[in-house]
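Some notes on the structure that comes next.
The values are calculated or read from the model by the stated rules, or taken from the named source; none is laboratory data. Not measured: the values here are computed from a predicted model. Counting neighbours? That spans all protein chains shown, and the Cβs are built from the backbone with ideal geometry, glycine included. The area values use the complete protein model at the heavy-atom level, side chains included, leaving out ligands, DNA and RNA. Shrake-Rupley method; radii C 1.70, N 1.55, O 1.52, S 1.80 Å.
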Amino acid sequence: MSDTDLAERFAREIAAEGPMPLVRFMAGANAHYYATRDPLGAEGDFVTAPEISQMFGELIGLWLADLWTRAGSPQNAHYVELGPGRGTLAEDALRAMRAVRFEPPIDLVETSPVLRRMQAERLPTGLWHDDFDEVPKGGPLLIVANEFFDALPVRQLCRDENGWRELSVGYGDEGFAPVMSGPDLTALVPPALRDAEPGSVIETSAATTAVAGALASRLAEHGGAALVIDYGYEGPALGDTLQAVSRHAYADIFAAPGTRDLTAHVDFGELARIGREAGLQVHGPVEQGMWLESMGLGARTAALAKAAPHCREELIAARDRLTNPTEMGRLFKVLAFTSQSWPDPAAF
Ligand code: SAH
């Protein structure tokens, strides 16, 4: 399906059925977007931490290897990654893990055929799944998700003079545009936030709750850990965080669906709640900059710069981009789950 086919399908559906809830618009647009292109890198729409420096994936690999070793090196553990992009993080992490002779089977949860092909070049022994629930049951899992949850669709509830209504997408002469529609949904808003000012917005992501719930209950049953890294906040909280990014710049959220990356900030408060409810230990969230520094990013930068002096400037710039509070250091957060029988992880 082409980009214009998707826009036409959405327009027809809105003409027939009325405004489309944002959550459906975002789900359909992102499924098309990821299925039809590689969005990453200088030539694409956005750059992620593993694409900035190999050090990012390596430190995640060290974190996993350390935890696995202290858990008694269970031989049936699997490496699982959600939304692995180009496979760069996994490749760097697994290389670091091999240093302690940890070479787990690889399970990748990825819906995009384009990205699956790129991942297969780097991770030829991987197994691919459309859904986390398809990851084989049995041994403990070491799960990584970097910039995965932000791509899952959100619902937005907006306060007006009378109550809370859902944000939907209409279609008219000016193209796609946001409209408030449907019944009063005040009952869905946490009581402490119900009396917010008119114009306030609250976001919820049923998809995030479902995926996080599935992995949390798996960890509780079979052991292991999960590391979630993303931009986000600790909710419940008010805020409209929906954004569209195209060619490294913010773009119109509603225009040209399926051609730009639609994301929302991740509610780490909700993730933590899900982990605790499943009986897991929850660590963080902490800021990405602090986490990477406590994992030894400074020492790793120095070691690589010593081995390759011509890359020194580039390595220092990468460290700064990943950790500086005005870059990715503060907005990005790191949260871990560990099962009760596993040791406490490093760097929290
Ligand atoms: N983790 C990578 C890529 C982040 S982009 C990195 O840090 O570079 C988001 C990734 O999640 C892409 O691989 C995308 O195809 C995948 N993805 C998005 N929605 C998904 C879904 N519903 N199920 C599985 N994968 C999804």
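For this structure, a couple of remarks:
- Here the Gaussian network model covers the chain, with springs between Cα atoms less than 10 Å apart; of Ala96, Ala256, Ala212, Ala256 fluctuates the most.
- Overall form of the stretch 249-348 per C-alpha gyration tensor (a/c, 1.5; a/b vs b/c): oblate
- Per-pair calculated FRET efficiency, R0 = 30 Å: Asp184 and Ala237 via Cβ, rounded to 0.05: 0.90
- Divided by 2.2 N^0.38 Å, where N counts the residues, the Cα radius of gyration of the stretch 228-270 comes to 1.30.
- Remark on Phe332: its backbone amide H falls under 5 Å from those of Gln288, a criterion applied only to residues 5 or more positions apart or on other chains, H modelled at 1.01 Å from N.
- The amide H of Thr241, built 1.01 Å from its N in the peptide plane, has His265 as neighbours under 5 Å, considering only residues 5 or more places off or on other chains.
- For the options Asp150, Asp130, Asp92, a Gaussian network treatment of the chain with springs between C-alpha atoms closer than 10 Å singles out Asp130 as fluctuating the most.
- The stretch 102-190, accessible surface, carbon-and-sulfur percent (1.4 angstrom probe): 51 percent
- Translational D in µm²/s for the stretch 3-96 (Stokes-Einstein at 4 °C, 1.567 mPa s, Kirkwood Rh from C-alpha pairs): 79 µm²/s
- Sorted largest first, the principal axis extents computed over the alpha-carbon atoms of the chain equal 59, 43, 38 Å.
- Whole-angstrom Cα spans of the stretch 88-220 along principal axes, big to small: 61, 40, 23
- Three-way shape label, the stretch 195-250, alpha-carbon gyration tensor, a/c 1.5: oblate
- Heavy-atom surface of the stretch 209-348, accessible at 1.4 Å and reported per residue (Å²): 44 Å²
- Ligands, DNA and RNA left out, the accessible area of the stretch 200-348 computed with a 1.4 Å probe is 53% carbon and sulfur.
- Ranked packing of 325-334, 59-68, most packed first, by mean Cβ within 10 Å: 59-68, 325-334
- 222 nm mean residue ellipticity, helices alone, for the chain (DSSP H n ≥ 4; -39,500 (n - 2.57); rounded to 500): -11500 deg cm²/dmol
- Descending by average beta-carbon neighbour count within 10 Å, the peptides 100-110, 309-319, 223-233 line up as 223-233, 100-110, 309-319, the highest first.
- Kirkwood-Stokes translational diffusion coefficient of the stretch 127-201, alpha-carbon pairs, 10 °C, 1.306 mPa s, µm²/s: 99 µm²/s
- For Tyr250, the shell of other residues with beta-carbons less than 14 Å away shows a net charge of -2, using +1 for Lys and Arg and -1 for Asp and Glu.
- Ratio of Rg to Rh over the stretch 156-290 (Cα coordinates, Kirkwood Rh, two decimals): 1.02
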